[in-house]
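The values are calculated or read from the model by the stated rules, or taken from the named source; none is laboratory data. Since the model is a prediction, treat every value here as computed from it, not as a measurement. With ideal geometry, Cβ positions are generated from the backbone for all residues, glycine too; neighbour counts draw on all protein chains shown.
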Amino acid sequence: MTLVLHDTLAREKRPFEPADPGRVTLYVCGPTVYNYAHIGNARPAVVFDLLFRVLRRLYGEDQVVYARNITDVDDKINQAAIDQDVEIGAITDKFTAIYHQDMDALGVLRPTLEPRATAHIGEMLVLIGKLIEGGSAYAAEGHVLFDTQSFADYGKLSGRSLDDMIAGARVEVAPYKRHPADFVLWKPSKAGEPVWDSPWGAGRPGWHIECSAMVGKTLGDTIDIHGGGHDLIFPHHENEIAQSRCADHTPVYARYWVHNGFLTMDAEKMSKSLGNVKLVHELIKRAPGEALRWALLSGHYRAPLDWTDELIAQSRKSLDRLYGALKRALDVDVDLGGEPPPTVLDALLDDLNTPRAMAELFALAKTLETSEDASERQAAKSALLGAGRLLGFLQQDPIAWFEGGADAGLKAKVEALLVERFAARQAKDWATADRIRDELNALNVVVMDNAEGATWRLKDGETK
RNA sequence: GGCCUGGUGGCGGAGUGGUUACGCAGCGGACUGCAAAUCCGCGCACCCGAGUUCGAUUCUCGGCCAGGCCUCCA
């Protein structure tokens, strides 16, 4: 029962052992709240939500501290505030709330802690002070920069050397930098931007320092797991390591580094210039959040994932299969505290192998559909629900899943037609029965007859 | 140019040194008034080349291709 995680720094899977099993610490880089989250932003939220759930299962709900920050000050937020002529707080409060709603729809649990950058400016200044004192940072022209040459391990995480970075530099290097790779800890604010006082002049923090400050404040100098998107490995996480280790004089900043792979849109990178960004906010209007969650977890978290309409459709059908089995087993009594079966747990403990875990879900559904042994069916249903709870699936009523987004008016209409149709079927009036089925079809409803009448489901499509 | 991923059947996607998951789609059958759902069965793959091996999709090397990072980005 050991969790194995792929550690970016070690470049291999390693058995996970928390420094303190009584307090397992997980930090994940959260959203910059200046706009709606797109589906690519949702991938890490969902992936690390699953890791959070697995850790809680292993170490206890109160033993896992998960911090996911809110970046509520940065260039894009500042620009949005200037454009709309409001304080940055107006922007960040709005999009933080929207982010929460969207993630809720995807079954993402709220993290234990959600620190905000603007609430930790003091901690950042302390950190910067320590770095200057220790000779790891220097002030120049109103900026404070991290001195990358002072840190021997710089580049270890991303696998690059300082020499590589000079060779690969594609941007003009600011003249006050001692080394092209040196990065900003503090910089002067431009006109209209928020300003904080500091010993090095009024200004605002650089990007990377906020995470170091919040990690230190909320979780400690050394944490168990640090997660985020693959693209954050460099420079963001590389810089975090450098800052935190130098400031705190610790040999280890995060004991395990976990990064999720990128999501592409129809095989292309999602980007605003290509116009192919899919917002979670929009997607949840067209498909159940649970299906989107399934889609995000249908591939291994480290592999690239290509987001397509076909993927959403298939995800939905996969859930239809599982909910279908549960629907036909409504008469099977189970206690709701069912445990996830070892097969599912084993799959997840192997570096969060969700495809394998999902395959086990289908195996349980198969047993539930085919077994004639009551206790076996009971065990299968209990295991299916237990596994679903761990993974964040299958927690709604199966009937509700299939009737999905039907409103009360439609439901009443459908039920009335079904009563009428059942009467016709009993009278062997097939013409009437078929005509009513056609009517239902026109309402986007699929009928499933049985001896006592019929159940129904909404066709897949624009309706939820 | 440097660094890092990945190339598996019609599609999605695991895994394995030899009998090759799982889901969707397809085909045949059962059930059904007809369907839908379900059940039974079937077919279909491991980028290319060399090497290691009794044997490689799985290991090694080379190549080709795709994607990502090196600048804000999950």
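Here are some notes:
- Some residue of the stretch A:209-232 being within 21 Å of A:Gly122 (Cα to Cα), touching a Phe, Trp or Tyr at 6+ places or on another chain (Cβ under 8 Å), among the small types (Gly, Ala, Ser) and away from RNA strand B (no atom under 16 Å from the Cβ): no
- The helices (runs of 4 or more DSSP H) located wholly in the stretch A:370-464 that include 1 or more residues which are touching a strand residue (DSSP E or B) at 6+ places or on another chain (Cβ under 9 Å) occupy A:398-403, A:408-426, A:430-442.
- Filter result (under 30 Å from A:Pro342 (Cβ atoms) and free of Cβ contacts under 8 Å to residues at least 24 places away in the same chain) within the stretch A:45-99: A:Arg56, A:Gly60, A:Glu61, A:Asp62
- Members of the stretch A:302-340 found to be more than 7 Å from RNA strand B (Cβ to nearest atom), part of a loop (DSSP other than H, G, I, E, B), within 29 Å of A:Asn260 (Cβ to Cβ) and in contact with a Ser or Thr (Cβ under 7 Å, 6 or more places away or on another chain), listed by number: A:Gly338
- Count of the stretch A:416-450 residues, restricted to those that are surrounded by 11 or more Cβ atoms within 10 Å (Cβ to Cβ), away from RNA strand B (no atom under 12 Å from the Cβ) and under 38 Å from the mean Cα position of the chain (by Cα), is 2.
- Here A:Glu339 qualifies as touching a Gly at 6+ places or on another chain (Cβ under 7 Å), surrounded by fewer than 19 Cβ atoms within 10 Å (Cβ to Cβ) and not assigned by TED's automatic domain parsing to the domain that holds A:Ile225.
- Across the stretch A:367-385, the qualifying residues are those that are touching a residue at least 12 places away in the same chain (Cβ under 8 Å) and within 12 Å of RNA strand B (Cβ to nearest atom), and the one among them that is surrounded by the fewest Cβ atoms within 10 Å (Cβ to Cβ) is A:Glu369.
- Residue ID - surrounded by the fewest Cβ atoms within 10 Å (Cβ to Cβ), chosen from residues in the stretch A:215-246 that are hydrophobic (A, V, I, L, M, F, W, C) and more than 20 Å from A:Tyr154 (Cβ to Cβ): A:Leu219
- Selection status of A:Pro205, surrounded by fewer than 21 Cβ atoms within 10 Å (Cβ to Cβ) and either more than 23 Å from A:Pro31 (Cβ to Cβ) or of a type outside the set (S, T, N, Q) (or both): no
- The requirement of being in the same structural domain as A:Asp20 (by TED's automatic domain parsing), of a type in the set (S, T, N, Q) and under 21 Å from A:Tyr154 (Cβ atoms) is satisfied by A:Ser212.
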